[in-house]
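Worksheet: the structure to be examined is printed underneath.
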Amino acid sequence: MKEIWDLYDINKKKIRKQIERGMALEKGEYHLATDIWVINDNNEIIATQRHPEKDLGLLWECSGGAVNAGESSIEGAVRELNEEIGLRPNIYEFKYIETYVGDDYILETYLVNMNVEIGNLILQKEEVVSAKLVSPEEFEMMNNDNLVVPSVWDRFNEYKDQLLKKI
């Protein structure tokens, strides 16, 4: 099934245009994406390992992805978390952290505070090959070993205080 995205201007206003994933965006066009940090009561993060055939394969990250046409960022976050690792928190459990504007995307970051048994996760085999709980210190060591998606590490570092306080 083709993945279709709504397009937005830099102010996150829809521009009444859609595009299929993989097609080039024109200058000034953005698609919406989302990051979801799942952190338990011990401040451990669910880190997921990317499928080896994806860009940056086998590196670790948080859950997330592109928001489909017709979805809000929170709806996309709910869907992505369910698709990638089988979690279905209530939409009201998602706490908005911040919006980041990249070259051709607008990324909205969310936090979900949830205690999860890693063995109970259902991994989307095309996207995720492994998942584990890591402390912020372990995540930093993974990054020092070049095992974390660089942009994910940058965002974690920027939002770490908010994430770990579970706003």
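Residues in region 74-95 that are among the basic types (Lys, Arg) and surrounded by 13 or more Cβ atoms within 10 Å (Cβ to Cβ): ARG79, LYS95.
Out of GLU71, GLU20, GLU44, GLU98, one residue alone is surrounded by fewer than 16 Cβ atoms within 10 Å (Cβ to Cβ) and in contact with a helix residue (DSSP H, G or I) (Cβ under 9 Å, 6 or more places away or on another chain). It is GLU98. For region 88-107, a residue qualifies if it is in contact (Cβ under 8 Å) with a residue 24 or more places away in the chain, of a type in the set (A, V, I, L, M, F, W, C) and more than 21 Å from ASP9 (Cα to Cα), and exactly one does: PHE94. Of note, GLY57 satisfies the criterion of being surrounded by fewer than 13 Cβ atoms within 10 Å (Cβ to Cβ) and not aliphatic (A, V, I, L, M).
Taken together, the values in this text are just the output of simple stated rules run on the coordinates, not laboratory data. It should be emphasised that the depicted structure is a prediction, and the values quoted were computed from it without experimental measurement. For neighbour counting, all protein chains shown are included, and Cβ atoms are generated from backbone atoms with ideal geometry for every residue, glycine included.
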